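The values are calculated or read from the model by the stated rules, or taken from the named source; none is laboratory data. Values in this document were obtained by computation on a predicted structure and should not be read as measured data. Ideal geometry is used to build each Cβ from the backbone, glycine not excepted, and the neighbour counts take in all protein chains shown.
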Amino acid sequence: FTLIQRLRPAVQANEFEVYYQPLIDLASNEVQAVEALLRWPQKDGSMIFPDKFIPLAESSGLIIPLGAWVLNQACEFCAKQHENGHTNLTVAVNLSFAQFKDGTLPAVVEQALQNSRLAPQFLELELTETILADENGTTGEQLEAIKSLGVHFAIDDFGTGYSNLNYLQTFSARKLKIDRIFINTLGIGENDAPLVAAIISIADSLGMKAVAEGIESKPALEKLIKMGCDLGQGYYWSKPLPAPEVERFLSNHPTK
Ligand code: G
Ligand code: G
Ligand code: MN
Ligand code: NA
């Protein structure tokens, strides 16, 4: 069987697992959020990563049921952490452009919030520049409908997509996530971060929190703190972890 043939039954049988990676507030060192990241565990103990199966899920339409499942899992996980005392923890969920295709996304989001009883301000949806640049179809209307539920947005992988900067002003997202290709060379030379500094300044002037993805080293972290970056994510703190392990991480670290 090819991967695409195996994907449909796997979606129907919920064979996926949601991992979570912490986002750290750089000023307070507290965990502010966790990002949900899909994994597909295999019977032989190996793992298939999203770069392999998300494109297939998108082109086949399976991202619609799979994306709904992730939203429900993530909201339920976050509500459970609130009960565990991490009462201000936010959960971030990635969205694909293909999830806007059938127009059901606002109802799916609303249902996930109702099922989990998670307050909407603790759900954050990560959008790519491609989603925001879509001027045809109903993407904009669906985003407004989701926003009116009280859910927040982050712009993901910023700096690598289709950069029409106009959407940044008109669409008020809470976070701007700087793609890790701009981060992984930080801390090496003196003037190695002109773009990162510029992106942090764009986030500041538009009232968004700047998030650095892919922080792996102390020098990179120190440089980002000096530049006024608000939040960080990366192997420096933790790789994406299965739910029980991220719960342990949360109990060993200060949370908001
Ligand atoms: O851990 P990493 O290999 O997890 O994830 C790679 C990419 O896969 C992420 O940057 C993200 O764009 C995508 N991805 C991971 N989980 C999801 C998901 O639940 N939904 C969507 N649409 N994309 C995801
Ligand atoms: O949604 P998105 O593209 O932002 O997902 C984040 C991706 O980055 C995931 O694949 C995740 O596993 C990966 N990632 C998270 N932290 C680090 C890091 O410190 N270094 C590297 N190389 N990858 C990371
Ligand atoms: Mn992301
Ligand atoms: Na990203």
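If you check N72, N84, which single one turns out to be farther than 30 Å from G228 by Cβ and within 13 Å of ligand 1 (Cβ to nearest atom)?
From the options N72, N84, the qualifying one is N72.
Given the conditions (1) farther than 21 Å from S238 by Cα; (2) of a type in the set (S, T, N, Q); (3) in contact with an Asp or Glu (Cβ under 9 Å, 6 or more places away or on another chain), and given that N14 satisfies all but one, which numbered condition is not satisfied?
(3)
Scan the range 25-42 and give yes if some residue there is among the small types (G, A, S), more than 16 Å from ligand 3 (Cβ to nearest atom) and on the phi < 0 side of the Ramachandran plot, otherwise no.
Step one: of the range 25-42, the residues among the small types (G, A, S) are 27-28, 33, 36.
Filter once more, so that each one left must be more than 16 Å from ligand 3 (Cβ to nearest atom): 27-28.
Next cut, on the phi < 0 side of the Ramachandran plot only: 27-28.
Yes, because at least one residue in the range 25-42 is among the small types (G, A, S), more than 16 Å from ligand 3 (Cβ to nearest atom) and on the phi < 0 side of the Ramachandran plot.
Within the range 159-181, how many residues turn out to be over 14 Å from S205 (Cα atoms) and either within 11 Å of ligand 4 (Cβ to nearest atom) or at pLDDT 95 or above (or both)?
Matching residues across the range 159-181 total 8.
Criterion first (closer than 22 Å to C78 by Cβ and aliphatic (A, V, I, L, M)) does V31 satisfy it?
Spelling it out, V31 is indeed closer than 22 Å to C78 by Cβ and aliphatic (A, V, I, L, M).
Run down L176, L186 and say which single residue is closer than 20 Å to A92 by Cβ and out of contact with any Gly (no Cβ under 9 Å at 6 or more places or on another chain). Before the answer, list the steps.
Values: L186 fails: closer than 20 Å to A92 by Cβ.
Of the residues listed, the single one that is closer than 20 Å to A92 by Cβ and out of contact with any Gly (no Cβ under 9 Å at 6 or more places or on another chain) is L176.
State the number of residues belonging to the range 103-133 that are part of a loop (DSSP other than H, G, I, E, B) and modelled with pLDDT under 95.
Residues of the range 103-133 that are part of a loop (DSSP other than H, G, I, E, B), as a first pass: 103-104, 117-119, 128.
If we keep only those that are modelled with pLDDT under 95 too, we end up with 128.
Counting residues in the range 103-133 that are part of a loop (DSSP other than H, G, I, E, B) and modelled with pLDDT under 95 gives 1.
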